[in-house]
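Below is one structure, written out as structure tokens; the observations come after it.
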Amino acid sequence: MRWLSEMGRRLRMLYRREQFDRDLQDEMRLHLELRQQEHVDRSLPAEDALGAARRKFGNATLLREVSSDAWGWSWLDQLAQDLRYGARGMLRTPAFTAVAVIALALGIGASTAIFSVVNAVLLRPLAYKDSDRLVTILHQGSDPVAAANYIDWRDQSRSFETMSAAQYWSPNLTGSDPPEHLYGLQLAQSLMPMLGVEPLLGRLFVAGEDQKGAEHEVVLSYRLWQRRFAGDRNVLGKAVTLNGEAYTVVGVMPREFKFAPFWATRAELWVPLAFGEGIHNRGGNSLRVFARLKPGVTLKQARAEMATITARLERQYPGTNRDVVVTPLRENVVGKIETPLLVLLGAVGFVLLIACANVAHMLLARAAARQREIAVRVALGARRGRMIRQFLAESLLLAAMGAAGGFLLALGGTRALVVLSPANIPRVETVTVDARIILFMLGVTVLTSVAFGLAPAMQASAVNLTGALKEGGRGGSDGIRRNRLRSFLVASEFALALMLLIGAGLMIRSFLALEAIDPGFNPHNVLSMVVSVAGSKEAESNRRGIFYQQLLDRVRTLRGVESVGGINHLPLAGDIWGWSFTIEGRPKPRPGEFPLAVYRIATPGYFQTMRLPLVRGRDIAATDNASAQGVAIINERAAASYWPGEDPIGKRITFDGDKSNPVWLTVIGVAKNAKQSDWAAPPYPEVYQSALQNRDFLGDAGSHIAYITLVVRTAGDPGALASAVKNTVWSLDRNLPISEVLTMDAVVADANAQPRFEMLLLAVFAAVALALAAVGIYGVMSYSVSRRTHEIGIRLSLGAGRADVLRLVVRQGMALALGGSIAGMVGALLLSRLMTDMLYGVRPTDPFIFAGVAMVLGLVALVATYVPARRATRIDPMVALRYE
């Protein structure tokens, strides 16, 4: 029967608790009514006033706060009670609740969305086994390596568990409709096992499959398997035709697998890398080298060993092993995106802090209006700690409501970030709202509830009991400490907003400077596409040149086409080949010190189509063919670098190096500098050879240039002609794949995609911060005016003019804005230096940006202050003197 007795006891406790609630509410309500109706003498001390109230209403119960321990209430019971009480209060003030929740939702939602990107890109480990031990070994940390050097490094090093290599490959998939130009990699047999990723179907490459003649196996990506083979699980063992040769499918990788994550990121298939005779080549740099550190070996030790090996090889083979850098794979993946993402995370953190400050001074104002309620509760026995818990519970409820709205904003914001993000942000496709993001948001919610709730709770609970109960509610100034805290919060909002606005201003000015860069050519009304002949009958040496000429001639006759040309690699969107050359009549340079240039192969009509002007000399002509003397056009940078103070026209160069019978090219023109791979970087020296004279381009033995990039200038929208140009290609050969169909305007826009993305986000965050700061100062000044109504009435009745009142209120608001702006200037001077790598053409301490932002913020503060100040001048002195 004990359990029945225990149940009865708990039921009695619940009943008495409910009775306590009712008694407490009645006592507080009637006591306040009694005082307001002056049934209790206002001159009585607080204790006597309380006694009079109790005699009036009978011996009511003490506050539940005093006896909660005696009744065995748990902290969860108290929290539930506090949350219910807070919810009722919020329902009574819907406007206050809506503004606070919206501000918090903006801050929490934006923070969560940006953190989801930071989590996916920076925090989440790479999807390989023990990825922290994976490194790259490259020239200057990013440039490719020759096969012979890779073999020596692999055989002589002892710091690495495995060392392997990969080479870019872009074959044509034919034999099924439509033909497709794919992106892939040729891998050394040890590379896939080194990553520790098992295939979804089949197997990886085995020993011996990287030998010449035995390398015709292929592993497919999950995406290619689904797109071209409809997810057929019987695909293993099937033959596919790549560049006209049969390859056997031996495996399919998992959906999430991607390699390499920083280079050739569009790779959809992998085949064995067979070096053949190239294994002795120290001049053709085409490999990316990857390695796994042995357990216990540090990066410093590996670098020291590689420095020793490369120094020895450099002495043995001069000019082949300079500037070799061992870099963690993650560092190559993250690249230059780490700093911008951290800056954006810091910026959105500022927005959240501003939102918290906004809600904090709203709660301060609300607490001031509840002084008498708090005083009565304290007089009835509530302890200060209990009152602080009550206020913090209300803050937690507000933060939870803001988090609910923020979660919805984060979902939409995350999707928008993935869609708007530039292609060079790695792993952006893995961005999602997962368990870690949910935990982050919960943590932010708790921290924000404490951040904006603690100060108001401390201030409100430190009530002057006698003064609060004696005061009849007459409007007057708040306590000095409360005013100081509220002023500090508003000033801090302005400081944070100013720092964000300066960051956004620097990014906007930097982006405008980037937009003003001259690409060297006219990108408007130009269409480009890559036509590959690899593996087709058009790739034969006796047909390739004829095919290219026929293609150019037919496209030229299309309606709306003004001119057409071709090149091996498109500027900004194409590959960059850096080749060394020799200048006739000059001493032979030492190994590693040959002149270098970006190597292009252009057809007649290319310069005209791109409107890339020649500053000297002549264009490539149709007569510059295989039977004529070799010709080349250089850019201004090459002329200034290799023929300073000379006229380069008529000078001769060769790319054949040590060959006994080199092909000499005569410089016939100097072209304007054109942007190459990096929009913001200065151009490299560049050489354009006539395509009609290039043996690789025309399909000689060993040719590796089995494609042409068409450029077509149109009279109208270039995109409207894309179908007609593709049909023209297929009218010559239906089996030729066409890829990279782009307008040059899109290419230029993509070159600025990352700074545009960063500028857009910072501008949005700054605009939100500015709006919140304006709302903050407006709210504080409006509240100040309402609390000073009585004072203002006295001033007006004693002869103060309305202009004097206007100046008084505006001066108070502008003082807050000025103090915050000064602090923000100091913070911006310190923090803007972190943006140095993100800026172009502007210093991080640019005085015009600082002055302009200060003026904008000052104007916003003036408007936000003027509105309540104007309202103060319309106060009727007679009404104000009677105001309570």
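The values are calculated or read from the model by the stated rules, or taken from the named source; none is laboratory data. These figures come from a predicted structure and were not determined experimentally. Backbone-built Cβ (ideal geometry, glycine too); neighbour counts: all protein chains shown. When the accessible area is computed, the model is the full protein with side chains, heavy atoms only, and any ligands, DNA or RNA have been set aside. Shrake-Rupley method; radii C 1.70, N 1.55, O 1.52, S 1.80 Å.
Just reorder ILE849, ILE546, ILE794 by solvent-accessible area, largest first, 1.4 Å probe, all chains present.
The residues order as ILE546, ILE794, ILE849, largest area first.
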Q: Go through 295-301, 628-634, 824-830 and give me the packing order, highest mean Cβ count within 10 Å leading.
A: 628-634, 824-830, 295-301
Q) How much accessible area does TYR183 have with a 1.4 Å probe, in Å² rounded to the nearest 10? A) 30
Q | Area of LEU420 that stays accessible when all protein chains are in place (1.4 Å probe, Å², to 10) | A | 110
Q: List the relative contact order of segment 279-365 as a percent without decimals, with contacts defined as Cα pairs under 8 Å and 6+ residues apart.
A: 18
Q.
Could you tell me how far the Cα centroid of segment 761-778 sits from the Cα centroid of segment 164-213, in Å?
A. 51
Q) So how do MET499, MET306 rank on accessible area, 1.4 Å probe, biggest first, that is with the largest at the start? A) MET499, MET306
(Q) Testing the spin-label approximation: label points 7 Å from Cα along Cα→Cβ at ARG227 and ALA628. State their distance in nm. (A) 4.0
(Q) At a threshold of 8 angstrom on Cα-Cα distance, excluding pairs fewer than six apart, so keeping six or more, what relative contact order does segment 569-704 reach in percent? (A) 34
**Q.** Stretchable slack from LEU411 to ILE546, in nm (0.36 nm times residue separation minus alpha-carbon distance)
**A.** 43.1 nm
(Q) Which order do the peptides 567-573, 748-754 come out in when sorted by mean C-beta neighbours inside 10 angstrom, highest first? (A) 567-573, 748-754
Q: Round to a whole angstrom and tell me the spacing of the C-alpha centers of segment 573-614 and segment 308-350.
A: 27
